[in-house]
Amino acid sequence: MTKPFYNRLNEYFLNVAEVLKGEAKAASIFANTTDIGITRENVYVEFLRQHTPSKCNVFLGGFLFGEDGDESKQLDIIISTDTSPRYNFQNRDGNGKSFSPVEGCLGIASIKSKLDKDQLFDSLYGIASIPETKSIEGRINPNIKYKGYEEWPFKIIYASEGINENTILSHLNEFYLKNPQIPIYRRPNLIHVAGKYVIMRIVEGMGIRNIFNDTSINPEIGIFYPFTTNSDLQGLVWTINDLQQKSIISNHILYDYTSIINKIHG
């Protein structure tokens with residue numbers, strides 16, 4: 001039997017979701033769509049800052065770069081470790097853009113006012129452009145057995161409104177049929193449309209439990225699986241949980257950014 005605290009915690013996250021939706025809706029007062037987008041990005045930034053560990057640096061994004069100099073497309077929000085350098089000079093007032101190395105990046109978020117086909121494809125291209133991480137072999141505490149570092153960072157698409165989940169799934173399938181060269185680990189982990197649904201990409205070790213008949217299934221790794229029951233609750237708690245887990249693992253990875261200095265000097 002669920003104890004009263006967890007019932008209250010459930011209510012807490014539902015209230016947080018309502019605040020996110022309410023503040024995003026209030027942003028529609030702006031006539032300029034750029035202003036609407038920035039306001040909604042700030043709303044989601046504040047949610048992440050208030051709920052992720054202090055090890056997580058959450059800031060308005062710009063782009064991620066790899067050790068070889070590859071750069072991502074524009075990313076709305078970047079979440080990095082507290083030991084990762086970030087280049088924040090253009091963001092002194094908190095409303096500008098930054099950039100950061102992909103090594104040490106825990107998560108990114110693409111924020112959309114309304115998720116339709118065009119906006120979805122824009123997010124998918126942005127996520128696909130994230131430079132690949134290096135192998136952590138020889139860089140992680142040997143007592144830590146960890147698989148899946150190529151999946152980093154955790155990749156979120158969040159929208160205040162959007163078309164229905166079946167249509168989004170159809171568009172996802174269309175996009176990746178046309179772009180099969182994009183590796184599975186450079187596809188979104190979670191797509192959350194407030195008040196409607198969450199779509200999660202199945203990764204190793206993830207199972208699905210039916211709370212109504214207490215049965216479980218193990219979907220194929222890599223497929224996108226929709227949830228419409230308690231979707232806001234699931235979207236928020238799984239986001240926080242994944243970022244928290246990555247922040248713990250990052251404590252055991254040796255990050256060295258000396259190569260950036262060496263390459264600046266040629």
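Taking each residue as 0.36 nm, the span from R209 to E71 lengthens on full extension beyond its C-alpha to C-alpha distance by 45.8 nm.
For segment 95-137, the percent of C-alpha pairs falling in each 5 Å distance bin, counted from 0 to the bin holding the largest distance, reads 5, 16, 23, 22, 17, 11, 4, 2, 0. For segment 96-113, the residues whose amide N sits under 17 Å from a probe point set 7 Å from the Cα of E46 along the beta carbon direction are 96. Under the rule a/c < 1.5 gives rounded, and otherwise a/b versus b/c splits prolate from oblate, where does segment 84-226 land using the Cα gyration tensor? Taking the square roots of the gyration eigenvalues as a ≥ b ≥ c, segment 84-226 is oblate.
Here the average projected area of the convex hull drawn through the C-alpha atoms of segment 115-192 stands at 6.1 nm².
Inverting the mean 1/r over all pairs of different Cα atoms, compute the Kirkwood radius of segment 150-233 and quote it in Å.
After inverting the pairwise mean of 1/r, the radius is 13.7 Å.
Considering only the chain, what is the antiparallel percent among its DSSP beta bridges, to the nearest 5? Let's see the in-between values first.
Details: 23 of 39 bridges.
Percentage antiparallel, nearest 5: 60.
The packing ranking of peptides 164-174, 9-19, highest mean first, is 164-174, 9-19, where packing means the average number of other beta carbon atoms within 10 angstrom of each residue. Where a ≥ b ≥ c are the square roots of the eigenvalues of the C-alpha gyration tensor, would you call the chain rounded, which needs a/c under 1.5, or, failing that, prolate if a/b is larger than b/c, or oblate? Judged from the Cα gyration tensor, the chain comes out rounded (a/c under 1.5).
Applying both filters, DSSP loop and at most 16 other Cβ atoms within 10 Å, to the trypsin sites (Lys or Arg not before Pro) of segment 88-173 gives R92, K134, R139, K145, K147.
So between I182 and I264, what do we pick up on full extension, going 0.36 nm a residue minus the alpha carbon distance?
Details: separation 82, 0.36 × 82 = 29.52 nm, distance 2.95 nm.
This chain segment gains 26.6 nm when fully extended.
Sum -39500 (n - 2.57) across every DSSP H segment of at least 4 residues in the chain, then divide by the residue count to get the 222 nm mean residue ellipticity, nearest 500. Estimated from H runs of four or more residues: -12000 deg cm²/dmol. Taking 7 Å steps out from each Cα toward its Cβ at N164 and N230 produces label points 2.5 nm apart. Surface composition of the chain: carbon and sulfur atoms hold 52% of the protein heavy-atom accessible area at a 1.4 Å probe.
Checking the cross-link pairs K55/K112; K117/K178; K73/K246; K55/K246 against a 19 Å limit on the alpha carbon distance flags K55/K112; K73/K246 as lying beyond it.
Rounded if a/c is under 1.5, else prolate if a/b beats b/c, else oblate: with a ≥ b ≥ c from the C-alpha gyration tensor eigenvalues square-rooted, which is segment 52-160? Don't jump to the answer; show the numbers that get you there.
Numbers: a/c = 1.78, a/b = 1.38, b/c = 1.28.
Prolate, since a/c reaches 1.5 and a/b exceeds b/c.
Taking 35 Å as R0, compute the FRET efficiency from the Cβ-Cβ separation of D256 and N10 and round it to 0.05. For D256 and N10, the calculated efficiency is 0.25.
The values are calculated or read from the model by the stated rules, or taken from the named source; none is laboratory data. A quick note: this is a predicted structure, and the numbers were derived from the prediction, not measured. Note that each Cβ is placed from the backbone with ideal geometry, even for glycine, and that neighbours are counted across all protein chains shown. Accessible surface areas use protein heavy atoms only, side chains included; no ligands, DNA or RNA. Shrake-Rupley method; radii C 1.70, N 1.55, O 1.52, S 1.80 Å.
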